[in-house]
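Before any comments, here is the structure.
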Amino acid sequence: MHNESGQADLRGYTSNEPNTVARRPLTTAFAVTCTAGAVIWTLAASVTLASGAELAQLASTKMPGAEIVAHCQISEGIFAVATRDSSRGGSYYILSASTSPAELGSFDGEPELQCVSIKSAKELDHAIRTSETIHGQISPSFEGTVVCGFVSATEARCWQLNKDQIGQQVGGWIT
């Protein structure tokens, strides 16, 4: 995704800053660029109508009255969601039909939440570890999707469901 001048082009936003994680609107949460300016990892939210209906049903039964402001699908019937707790922030949860909502952590400002494959998480980990300006790591411990979300303007954390379907932190980074 590059424009004619070689800058990374992310749905109307450009980023040619090397070794950066740039915060984006919820439709494109953030991207990592390498020193050559190429985008090596982009997170983008996408939910099918079926999973959207499934999430709406789960939210109405498991978290009635909660304002879900961001979400992504971890696997069939399991979602990561962000709820607004106040005008300044909120909390990230795992939402599933078979368990009670489980809090992953809180966030300040606007939520930026994405579910990614282990392969994408490992690619992001490599980009973070080789960056001169981003500090952290992502070390998936289990098979399955990795959930990443910004908890503040400069810090992101990543979680993964363990064998008991409990969210466990597997890394993060600071910009």
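The values are calculated or read from the model by the stated rules, or taken from the named source; none is laboratory data. Keep in mind that this is a model prediction, so the values were computed, not measured. Positions of Cβ are backbone-derived with ideal geometry, glycine not excepted, and every protein chain shown enters the neighbour counts. These accessible areas exclude ligands, DNA and RNA; they are computed on the full protein's heavy atoms, side chains included. Shrake-Rupley method; radii C 1.70, N 1.55, O 1.52, S 1.80 Å.
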A 1.4 Å probe over the protein heavy atoms gives the stretch 55-95 a carbon and sulfur accessible-area percentage of 49 percent
Rounded to 0.05, the calculated FRET efficiency for the beta carbons of Glu132 and Ile166 at R₀ = 25 Å is 0.10
Simple SL model, points at 7 angstrom along Cα→Cβ for Glu103 and Lys122; separation in nm is 3.4 nm
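Which shape class, rounded, prolate or oblate, goes with the stretch 69-118 when its Cα gyration tensor gives a ≥ b ≥ c as root eigenvalues, a/c under 1.5 marks rounded, and past that a/b bigger than b/c marks prolate?
Since a/c reaches 1.5 but b/c is at least a/b, the shape of the stretch 69-118 is classed as oblate.
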Under 5 Å from the placed amide H of Phe107, counting only residues 5+ away or on other chains, we find Gly90, Ser91, Tyr92
In nm, the gap between the two label points placed 7 Å beyond Cα toward Cβ at Ala153 and Ser87 is 1.8 nm
Residue-normalised value, i.e. accessible area per residue, for the stretch 72-153 at 1.4 Å probe, in Å², stands at 45 Å²
Yeah, the stretch 69-175 with a ≥ b ≥ c from its alpha-carbon gyration tensor (a/c under 1.5 is rounded, else prolate when a/b outruns b/c, oblate otherwise) is oblate
